[in-house]
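The values are calculated or read from the model by the stated rules, or taken from the named source; none is laboratory data. What you see is a predicted model, and the numbers here were worked out from it, not measured in a lab. Please note: Cβ atoms are built from the backbone with ideal geometry, for glycine as well, and neighbour counts cover all protein chains shown. In case anyone asks, the SASA skips ligands and DNA or RNA and just uses the protein heavy atoms, side chains included. Shrake-Rupley method; radii C 1.70, N 1.55, O 1.52, S 1.80 Å.
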Amino acid sequence: MEKTLVILKPSAVQRALVGKVIDRFQQKGLTIAGCKMMQLDESILREHYAHLVDRPFFPSLVESMTVTPVIVMCLEGVDVVAVVRAMTGATNSRVAAPGTIRGDLGMSGQENIVHASDSPESAEVELKRFFKPEEIFDYKTITFTSIYAPDDLRAKKQ
Ligand code: IDP
Ligand code: MG
């Protein structure tokens, strides 16, 4: 089943929003396939945010992402990449729609609570960047058949 990377950024850790954000993913019906705390550094952020290294705010982004450890998660579900991006909301929390994580919990473009992979291709690359294979678990909860009907498992994005 599809997997995505979520990072609970230092803005979530500092503001004690970790439980609230994880609760949203669990209530939605997503499976936590992996979860750990880690300290990021500039080298991993240069890879992870390669598309932003030349932007003037990059030093500030590195500072912000390293100020506390983060929580990295592998979430699993049908179409989970698109579902989690929709739950995350627009990059700038001030314009992110109410009902999204950023829209409900933040006021900043940079301090925007969560990272979420933006495509299945980047999710694969990003999960390998942050997790060893043995840190991702393959299991189904007993609620699985209440979360998905057989059709959901056959069809994608309907
Ligand atoms: P995304 O997190 O919504 O995918 P990206 O454009 O990939 O957005 O940017 C990665 C992260 O870089 C953002 O989540 C945010 O923390 C930071 N960022 C992006 N654009 C800006 C900006 O204009 N000013 C400050 N920080 C930014
Ligand atoms: Mg991005």
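Laid out as a table, the results:
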item	result
Over the chain: helical MRE at 222 nm, DSSP H runs n ≥ 4 each giving -39500 (n - 2.57), nearest 500	-10500 deg cm²/dmol
Portion, in percent, of the accessible area of the chain that falls on carbon or sulfur, probe 1.4 Å	54
Proximal charge balance of Gly89 [Cβ under 10 Å; K/R count +1, D/E count -1]	+1
Surface accessible to a 1.4 Å probe, per residue, for the residues of the range 1-108, Å²	46
Rounded to the nearest 10 Å², the accessible area of Arg55 at probe 1.4 Å	120
Fully extended contour minus Cα-Cα distance, from Thr91 to Asp41, at 0.36 nm per residue	15.8 nm
Linear extension gain, Met107 paired with His51, 0.36 nm per residue minus alpha-carbon span	17.8 nm
